[in-house]
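Here the structure is laid out as C-alpha cells; the discussion comes afterwards.
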Amino acid sequence: MKKKLLFVCVENSNRSQMSQAFAKMLGGENVDAYSAGSKPLGIVNPKAITSMKELGYDLSKHESKSLKDVEQFAPFDAVVTMGCGDACPWMPAKKFIDWEIPDPKNMQPDDFNKARDLIRNKVKELLQTL
C-alpha cells in the first residue's frame, strides 16, 4: 500500500524540499511525498536546486508551501520535522519523527552537500521502516 509522507521545516526551501525529493526518488510509486513549512519562504533555495541537480533531480519545479497548502492530503503515515520544535504544528499522522538536521541555507557547497547526503540517508532509513 502506498505511503503518504510529509516533511516539514520552517521555510520549506531546503531540508524538507530535499527530503520530499529523496522520498520520490527512493520510494518511487510506493510513496506520495509532500513538504511544507511553518513559515514558508516562498521560494526553493537555489543552493538546494543546484545540489539536487547534481543527483539528477530537478527541484526547480517545486514550490515553497505552507502547512495549510498540504493539510488536504492528511492523514499521513509519517510527518517528519527537521528540528524546528515548536514552530512545527501538529498534523494528522500515524507517526511523528524529528530529525535534528541543521538548516544548510548559509552553508558552503561542500557542507550543504553533506547535509543533503545526511537527508538522503535518513529518508532511505525511513522508507525501510515503513
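Within the range 63-76, identify whether any single residue is closer than 23 Å to GLU125 by Cα and touching a helix residue (DSSP H, G or I) at 6+ places or on another chain (Cβ under 7 Å), and answer yes or no.
no
Which numbered condition trips up GLY42, out of (1) surrounded by fewer than 19 Cβ atoms within 10 Å (Cβ to Cβ); (2) in contact with a Lys or Arg (Cβ under 6 Å, 6 or more places away or on another chain)?
(2)
So which residues in the range 1-20 are closer than 14 Å to PRO104 by Cβ and either touching a strand residue (DSSP E or B) at 6+ places or on another chain (Cβ under 8 Å) or of a type in the set (Asp, Glu) (or both)? Spell out the reasoning first.
Filtering the range 1-20 down to residues closer than 14 Å to PRO104 by Cβ leaves 9-19.
Passing the criteria: CYS9, VAL10, GLU11, ASN12, SER13, ARG15, SER16, GLN17, SER19.
Listed residues ASP77, ASP110, ASP98; which is under 17 Å from THR129 (Cβ atoms) and free of Cβ contacts under 8 Å to residues at least 40 places away in the same chain?
Values: ASP77 fails: free of Cβ contacts under 8 Å to residues at least 40 places away in the same chain; ASP110 fails: under 17 Å from THR129 (Cβ atoms).
Being under 17 Å from THR129 (Cβ atoms) and free of Cβ contacts under 8 Å to residues at least 40 places away in the same chain holds for just one of ASP77, ASP110, ASP98, which is ASP98.
Being in contact with a Lys or Arg (Cβ under 8 Å, 6 or more places away or on another chain) and hydrophobic (A, V, I, L, M, F, W, C) is the filter; apply it to the range 89-106 and report the residue that is surrounded by the most Cβ atoms within 10 Å (Cβ to Cβ).
Checking each candidate, the answer is ILE101.
Considering each of LYS47, LYS24, LYS68 in turn, give the residue that is of a type outside the set (A, V, I, L, M, F, W, C), part of a helix (DSSP H, G or I) and at pLDDT below 95. Working first, answer last.
Details: LYS47 fails: at pLDDT below 95; LYS24 fails: at pLDDT below 95.
That would be LYS68, the only listed residue that is of a type outside the set (A, V, I, L, M, F, W, C), part of a helix (DSSP H, G or I) and at pLDDT below 95.
The values are calculated or read from the model by the stated rules, or taken from the named source; none is laboratory data. What you see is a predicted model, and the numbers here were worked out from it, not measured in a lab. Glycine gets a Cβ as well: all are built from the backbone with ideal geometry, and neighbour counts include every protein chain shown.
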